[in-house]
Amino acid sequence: MIQDVYRKQLDAILFSVNQYSDDVLNSWIAKVESGWIEKVPGHTPKKIKNLLTFNSSLVAVFISDPPYGAANGAVFSLTDSSKEHISAINETLSSGAENIRQLVEYKKDGFQKLQSLPYRDSANNDLRCLAFVVGDQPSQFSIAGLLVDPNIFIQEVVGPRLQIIAKDQFILSVFKKGSPASIYSTLARNGDTLKAEAHTKDLWLLPDFTIGIRANGTSIQSLVDKRTTTNLILLLSLDAVLIVAVILVFRNVKHEVQLAQNKADFVSNVSHEIRTPLALISMFAETLEMGRVGSEEKKQEYYSIITKETHRLSGIVNKILSFSQIDANKKNLVFRIVDINAEVNGILKTYDFHLRSKGFGYTFIPGGEVSVQADDEAFAEAVINLIDNAMKYSPDKKFIEITSGIENEYGYVAVKDHGIGISKMDQKHIFDKFFRVSSGDLAKSLGTGLGLSLVKQLTEAQHGHVTVSSAPGKGSVFTLYFLLKKTES
C-alpha cells in the first residue's frame, strides 16, 4: 500500500510535467493560428517570427493547403534553410496521411489536437514534426506543423519546470529511448541511467523520450522500508500500550474483586469469631443467673470462662478499631525511647498464663541492650499479634522463640514459630487487608484477616518495617524493625 501511494504521487508529478509541455505547445499553436490569419504574402507573419525568435528549440513552422504538401503552403524559418525542409515535409505529410485525416476529423468536431508525425529528414534525424489543423471552416482547413529540436526543447522548456517540481526532494531525468544516458537531469550525476529511475513515463508529444523520477538521496524502496518500519514501530508501540492497559485494567478489576471477596470473608469470619464468645458468655451467664450451678468450684470455672471469652471478644473489637484508626490515619502515636527487651519481657509476663494454657512453651533471647524510637502501645500490639498468629498456626510443635538485636540502624524483635509455614506465593499477600490463604491448612483457621495487615501498618507508622521468612512445614519468622534511638551529639 505504501509503495502504491508513492507511485501514485510520482504519477501525479510526471503528469504535471507532461501537462506543462502540452500547455507550452498549445500556446505556440495559438500564436501560429493568429499569425496565419494576419499573413502577408511573401512575408513571415510577425507572431510566427517572434515565436521562432524566442524559442530556439523551434526550427521551423510550416502551413500546407490541400492537397497537403510543403509546396502548397509556406515554410517559415529564421535561417535561409526553409527550402531544405520542403522535401522532408512533403514526405512526412505523405507518410502521415492517416494521422492527418484523423486531425481533420477532430477539428471538424471542434477539438484541436497536436499529433507527432515521423519526420523524414536524412540531413537532420533529430527533429520532430508536431502537426495540427488551422482554419475555421472545413473548406479552409490547412495542415500546420512545428519542426522542433527535442533536445533543445527539453533543455530550455521542460528543464526549468523539472527544477521547480523537483526542488530538493526528487531527481527528474529525461532519456531518449535506446540511449541509457540522460539528456537532462535536475541533479547531474555521472552514470545516470534509465534503470536507476524508480518510475518512468513517456512524454506525450515526444513518445520516443522518457521522463523518470526517483527520490533524492535514497530509493523509493528505502522510503517504503523506512515508512513501513516507522508504521510498524508505531503499531507495535500502540499494541504494547493497549496490552499494558488491558493488563492494568485486568489487575485492577481482579484486585477489586478479590478485595470485595476478602471483605465478604472478613464479615463472615468476624461474625463467627464474635458469635462464639458471645454464645459462651450468654450461656454461662444464664446458667449462673438461674442458680443451676451446684458447687462453688463450678461457679469459679464459669466465671473464668466468661472472663476469658470477654477478653477474647475485647481483643477482636480492639483489633478492628485499631485497624480502622490506622487505616484512616486517626491513630495518635506518641514516640518515646522504648527498651525492646523490657517491653517483650512485660508482654510475655502478661501472656504467660495464656500461652501455657494453650500448651505453648517459649523462650526469649535478648541481643544486648536495644532501645528504639516507638510508641510502646503500638509496639506491644504488633508483637502480641505476631504471638497470636504463632499460636494459631502451630498445631503440632507448640514452641515460640523470640529474639531481639540490632541490625544496621534498626533495632529488631523476631518471633519464630514451628508451625505450618507459608508458601512463597502467599507471602506476597499476607500483609494485604482482609487477605486469608485460600487453600491448605492455613485456610482451615478462622480469623479476621487483619492481624498481619495491622502489624505492618503499626510498624510502618513508627517508621519501621516488617519482614517474613517462611516455608511450608518449616514454620515462620516475622521480624519487626524500628529505628534506634538518636544519640545525643
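So which strands (runs of 3 or more DSSP E) are wholly in segment 281-388 and hold at least 2 residues that are assigned by TED's automatic domain parsing to the domain that holds Asp432 and β-branched (Val, Ile, Thr)? Break it down stepwise before answering.
Values: elements: 336-339, 361-365, 371-374.
Where strands (runs of 3 or more DSSP E) fall fully within segment 281-388 and carry at least 2 residues being assigned by TED's automatic domain parsing to the domain that holds Asp432 and β-branched (Val, Ile, Thr), they are 336-339, 361-365.
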Worksheet item: Considering segment 271-317 alone, what residues qualify as being in contact with a Phe, Trp or Tyr (Cβ under 6 Å, 6 or more places away or on another chain), within 30 Å of Leu452 (Cβ to Cβ) and modelled with pLDDT under 85?
Response: Ile305
Response to the item:
Only one of (1) crowded, with 17+ Cβ neighbours inside 10 Å; (2) closer than 16 Å to Ile100 by Cβ does not apply to Pro138, and that is (1)
Fill in: Residues of segment 453-470 satisfying the condition of being of a type in the set (A, V, I, L, M, F, W, C) and modelled with pLDDT of 90 or more
Val466, Val468
Discussion item. For segment 80-115, give me each residue that is among the hydroxyl-bearing types (Ser, Thr, Tyr) and modelled with pLDDT of 75 or more.
Written reply: Ser87, Thr92, Ser94, Ser95, Tyr106
Practice prompt. Within segment 361-383, identify whether any single residue is polar (S, T, N, Q) and within 52 Å of the chain's Cα centre (by Cα), and answer yes or no.
Written response: yes
Response to the item:
The residue that is surrounded by the fewest Cβ atoms within 10 Å (Cβ to Cβ), considering only those in segment 31-64 that are touching a residue at least 24 places away in the same chain (Cβ under 8 Å) and small (Gly, Ala, Ser), is Ser56
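The values are calculated or read from the model by the stated rules, or taken from the named source; none is laboratory data. From a predicted model like this one, the values you see are computed outputs, not experimental measurements. Don't worry about glycine lacking a Cβ; one is built from the backbone with ideal geometry, like all the others, and counts go over all protein chains shown.
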